[in-house]
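**Student:** Before I ask anything, here is the structure I am working with.
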Amino acid sequence: MKVIITGAAGQLGQAFRHLAPAEIGAAPLELIATSRSGGDGTIPLDLADAAACRALVQEHRPDWLINAGAYTAVDKAESEVELAQAVNAAAPAVFAEALQATGGRLLQVSTDFVFNGAQGSPYRPDQPVDPLGVYGASKAVGEAAAAEVLEAGRLCILRTSWVYGPVGKNFLLTMLRLMREREQLGVVADQVGCPTATAGLARACLAVLEHGVSGVHHWSDAGAASWYDFAVAIAEQGQAAGLLEKPARINPITTAEYPTPAQRPSYSLLECTGTRQLLQRPPLHWREALRQVIGDVVA
């Protein structure tokens, strides 16, 4: 099975490459990794370059393309609208068009930010999207554009939330750094979702390929948390693992007390029960996933 993964230098991309087996099903896995700058065994690919995206598929003709690359700077997207649209909306459309011609399938990794967070209960995969900002809107357009082009059975959209891991730029590593530098921190307590560790998300992507899954699905770790809850758990587990000598005091604050250029959903929990059953992946609570990731940071 020939698989292209974009964003291979990012959090999810690195986790996927680390966990990728020699075979998927009974087929040997040939993994072609791309990243914006290249290096570390990856092919250079700028997702904002539509011609390069099309040429990549035409040259390699993969069985699957996992589009794990994205423009994820949520606040910066408000002022870099064209770039966010090119990466998050146009690239999936180009991939879909090229794969439709070559016979391949697309796994499009998406986000909880396609929802407005107003309903106060977990979002099902079949619910209509209603993003609040440029980032969420660009990802929603990418989903729709791919779905418009690829025939049924050849597109899987996998939405996830609050992704973090032992490498890259994420909330966990930022909190660990700030807790070493400061005596106290204010962390937003009125936005609720679920942290998702990259290792579990990468395994979910592998399961999509193994089972040939199509349609729209949701994947996150189990449970629910606010950013404040997540930060408190990081402090507790970070100290227990020896990463923090004396963690900072964590103070809960409101979204209004921490204004940002982009509006964020106040409740973006994803309903993942059906996806877990389909992929045959049991739920892992986010606190246990966090313990495992912190173990990788220590190692």
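Laboratory data are not the source of any read-out in this text; all were calculated from the coordinates shown. The structure presented is a predicted model; accordingly, all values stated were derived computationally and were not measured. As a convention, Cβ positions derive from the backbone with ideal geometry for all residues, glycine included, and neighbour counts pool all protein chains shown.
**Student:** Picking from Pro62, Pro92, which residue would you name as being surrounded by 22 or more Cβ atoms within 10 Å (Cβ to Cβ), touching a residue at least 60 places away in the same chain (Cβ under 8 Å) and not polar (S, T, N, Q)?
**Tutor:** Among Pro62, Pro92, only Pro62 is surrounded by 22 or more Cβ atoms within 10 Å (Cβ to Cβ), touching a residue at least 60 places away in the same chain (Cβ under 8 Å) and not polar (S, T, N, Q).
**Student:** Criterion first (buried (at least 18 other Cβ atoms within 10 Å of the Cβ), in a helix (DSSP H, G or I) and without any contact (Cβ under 8 Å) to a residue 60 or more places away in the chain) does Ala140 satisfy it?
**Tutor:** So Ala140 passes the test.
**Student:** Let me ask something else about it. Out of Val81, Val87, Val57, report the one residue that is β-branched (Val, Ile, Thr), exposed (fewer than 15 other Cβ atoms within 10 Å of the Cβ), farther than 21 Å from Ala204 by Cα and out of contact with any strand residue (DSSP E or B) (no Cβ under 6 Å at 6 or more places or on another chain).
**Tutor:** From the options Val81, Val87, Val57, the qualifying one is Val81.
**Student:** Out of the residues in region 25-56 that are among the acidic types (Asp, Glu) and not in a strand (DSSP E or B), state the one that is farthest from Val3 (Cα to Cα).
**Tutor:** Per the criteria, the residue is Asp49.
**Student:** In region 175-197, what residues are of a type outside the set (A, V, I, L, M) and within 17 Å of the chain's Cα centre (by Cα)?
**Tutor:** Result: Gly193, Cys194, Pro195, Thr196.
**Student:** Select from region 189-218 the residues that are surrounded by fewer than 21 Cβ atoms within 10 Å (Cβ to Cβ), in a strand (DSSP E or B) and in contact with a strand residue (DSSP E or B) (Cβ under 6 Å, 6 or more places away or on another chain) and list them in ascending order.
**Tutor:** Val192, Val216
**Student:** Looking at Leu176, Leu206, Leu158, Leu172 in this structure, which one is in contact with a Gly (Cβ under 9 Å, 6 or more places away or on another chain), under 26 Å from Thr273 (Cβ atoms) and of a type outside the set (Asp, Glu)?
**Tutor:** Just one listed residue meets the conditions, Leu172.
For every residue, the table says whether it meets (1) small (Gly, Ala, Ser); (2) within 22 Å of Asn170 (Cα to Cα).
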{"residue": "Phe16", "(1), (2)": "no, yes"}
{"residue": "Ile32", "(1), (2)": "no, no"}
{"residue": "Ser35", "(1), (2)": "yes, yes"}
{"residue": "Ala52", "(1), (2)": "yes, no"}
{"residue": "Leu65", "(1), (2)": "no, no"}
{"residue": "Ala70", "(1), (2)": "yes, yes"}
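**Student:** Moving to a separate point now. Confirm whether Ala231 is surrounded by fewer than 23 Cβ atoms within 10 Å (Cβ to Cβ), in contact (Cβ under 8 Å) with a residue 24 or more places away in the chain and of a type in the set (A, V, I, L, M, F, W, C).
**Tutor:** Here the answer is no, as Ala231 does not meet what is asked.
Listed here are the residues, each with its yes/no results for (1) surrounded by fewer than 21 Cβ atoms within 10 Å (Cβ to Cβ); (2) in contact (Cβ under 8 Å) with a residue 40 or more places away in the chain; (3) on the phi > 0 side of the Ramachandran plot.
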site	(1), (2), (3)
Gln239	yes, no, no
Thr255	yes, yes, no
Gln263	yes, yes, no
Ser266	yes, yes, no
Leu269	no, yes, no
Gly274	yes, yes, no
